[in-house]
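In what follows, a structure is listed as structure tokens, so that the remarks can point back to it.
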Amino acid sequence: MGLPTRGKTASNRLRRVDNFILLYEPSILTSPRFHDAFFVDLGYGFDARTTLESAERFRRVNPNLPILGVEIEKDRVEAALPYADSITHFRLGGFNLPLRTGETVRLIRAFNVLRQYEKKDFLPAYETLAPYVLPGGLMIEGTSNPFGSLWVANLARKVKDTRSSVEGWKMEALVFSTNFRIGFDITDFQTVLPKNLIHHVVSGEPIFDFFEDWKRSAAETSAAKTFGLRQWFIASAESLAAKGYRIDLRKKWLAKGWLIWNQE
């Protein structure tokens, strides 16, 4: 279920995404409650590099982590199969994940996938993926620039509403990431917003107000750039939080170029 992506990528394009997960919630990779559940790299592209790079990073904390790369084009899957082993798998599939009986998922990374779809396809894609993920599992879904130096992602948590017994997603945070190599211009983040937000940067929408307030915060703290872009980024985030936004102000995030806007 789905459409082929363009498939192009660059080595280490998603390194900052993986490093974010390793810092945000390493237990998603190590907790016994997830046992043999997969990390799924959905729409890995024309070759297996992003999946294999993630395997190297994530298996530093869990050497036995099962990993599944999923692609909707048969040729891409066949090209990846020589890299498969007993805990690294590549299968043909889409949003309807190609799981076998008894297999489950702890974490999905879907980057530069939904951005190529229509807006109307966003919710159905999320709904299709939800049943495969264990309660408490995560999905990080978003868009990056070609080299991964700038990205924005939804962080969604698999939850179960005990009142209605309906399983689904709860949007936990919107994450903005930069390594500062292209400077610090807030409008750049607008170009890599996830599909559910990219068309809503218009007056009256919450994401529009957020960007306007962040731009004002950056202007108000522009003196901080004397000390470098990181210090300016941190100062702008602190000013944004003072305007009422639920920003995680811990330096372990901001100093590394991650602004987390909590949605709960």
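The values are calculated or read from the model by the stated rules, or taken from the named source; none is laboratory data. Model, not experiment: these values are computed from the prediction. Please note: Cβ atoms are built from the backbone with ideal geometry, for glycine as well, and neighbour counts cover all protein chains shown.
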Exclusive hit being hydrophobic (A, V, I, L, M, F, W, C), surrounded by 15 or more Cβ atoms within 10 Å (Cβ to Cβ) and more than 20 Å from the chain's Cα centre (by Cα), set 224, 242, 219: 224
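Limited to the stretch 194-213, what total is found for residues that are surrounded by 13 or more Cβ atoms within 10 Å (Cβ to Cβ) and either closer than 24 Å to residue 126 by Cα or touching a Phe, Trp or Tyr at 6+ places or on another chain (Cβ under 8 Å) (or both)?
First, pick out the residues of the stretch 194-213 that are surrounded by 13 or more Cβ atoms within 10 Å (Cβ to Cβ): 194-198, 200-201, 205, 207-213.
Subset that is either closer than 24 Å to residue 126 by Cα or touching a Phe, Trp or Tyr at 6+ places or on another chain (Cβ under 8 Å) (or both): 194-198, 200-201, 205, 207-208, 210-211, 213.
Total satisfying the criteria: 13.
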Hits in the stretch 100-128 - residues which are surrounded by 19 or more Cβ atoms within 10 Å (Cβ to Cβ) and assigned to a loop (DSSP other than H, G, I, E, B): 112, 113
Pair list, Cβ < 6 Å and 6+ apart or interchain, from the stretch 38-65 residues that are surrounded by fewer than 19 Cβ atoms within 10 Å (Cβ to Cβ) to residues that are modelled with pLDDT of 95 or more and β-branched (Val, Ile, Thr): 61/30; 62/30
Failed criterion for residue 236 (all others in (1) among the small types (Gly, Ala, Ser); (2) in contact with a strand residue (DSSP E or B) (Cβ under 9 Å, 6 or more places away or on another chain); (3) assigned to a loop (DSSP other than H, G, I, E, B) hold): (3)
Residue in the stretch 206-224 that is touching a strand residue (DSSP E or B) at 6+ places or on another chain (Cβ under 6 Å) and of a type in the set (S, T, N, Q) present: no
